[in-house]
1. Which one is modelled with the highest pLDDT among residues in region 21-56 that are surrounded by 10 or more Cβ atoms within 10 Å (Cβ to Cβ) and among the hydroxyl-bearing types (Ser, Thr, Tyr)?
2. Starting from residues that are under 17 Å from residue 54 (Cα atoms) and of a type in the set (D, E, K, R), keep the ones in region 28-44 and report whichever is farthest from the chain's Cα centre (by Cα).
3. Cβ-Cβ distance below 9 Å, separation of 6 or more or different chains: which pairs start in region 28-42 with a residue that is free of Cβ contacts under 8 Å to residues at least 60 places away in the same chain and on the phi > 0 side of the Ramachandran plot and end on one that is exposed (fewer than 10 other Cβ atoms within 10 Å of the Cβ) and of a type in the set (Asp, Glu)?
4. Of the residues in region 4-20, how many are in a helix (DSSP H, G or I) and either modelled with pLDDT under 80 or in contact with a helix residue (DSSP H, G or I) (Cβ under 7 Å, 6 or more places away or on another chain) (or both)?
5. For region 48-65, does any single residue satisfy the condition of being touching a Gly at 6+ places or on another chain (Cβ under 7 Å) and either assigned to a helix (DSSP H, G or I) or among the aliphatic types (A, V, I, L, M) (or both)?
6. Checking the condition in contact with a Phe, Trp or Tyr (Cβ under 8 Å, 6 or more places away or on another chain) and of a type in the set (Gly, Ala, Ser), which residue from 20, 11, 39 passes?
Amino acid sequence: MPDELPDYAPAAQQFMASLANSGRVPSTAQEIAEGIYQAATDGKNQLRYLLGDAMQTYSMRKQVGDDAFMANIR
């Protein structure tokens, strides 16, 4: 965490610790680039695309509901 943002350090540290303990494997740059390319060239009139590990996060949010999901990430 940058020294110029000390007020955010506790929250950032908690967030990073939760990611480390989540068992999630972050997406690679290659996976995201491929998803962006596919979204840009698929011809669909679609505004949002879930890419990489965001699919797992979104699935969990749908399963438990917004309130429980937000309580879990805080």
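The values are calculated or read from the model by the stated rules, or taken from the named source; none is laboratory data. Quick caveat: nothing in here was measured; it's all calculated off a predicted structure. Cβ sites come from the backbone with ideal geometry, for glycine too, and all protein chains shown count toward neighbours.
1. That would be 37.
2. 34
3. none
4. The total comes to 5.
5. Yes, the conditions are met somewhere in region 48-65.
6. After ruling out the rest, the residue left standing is 39.
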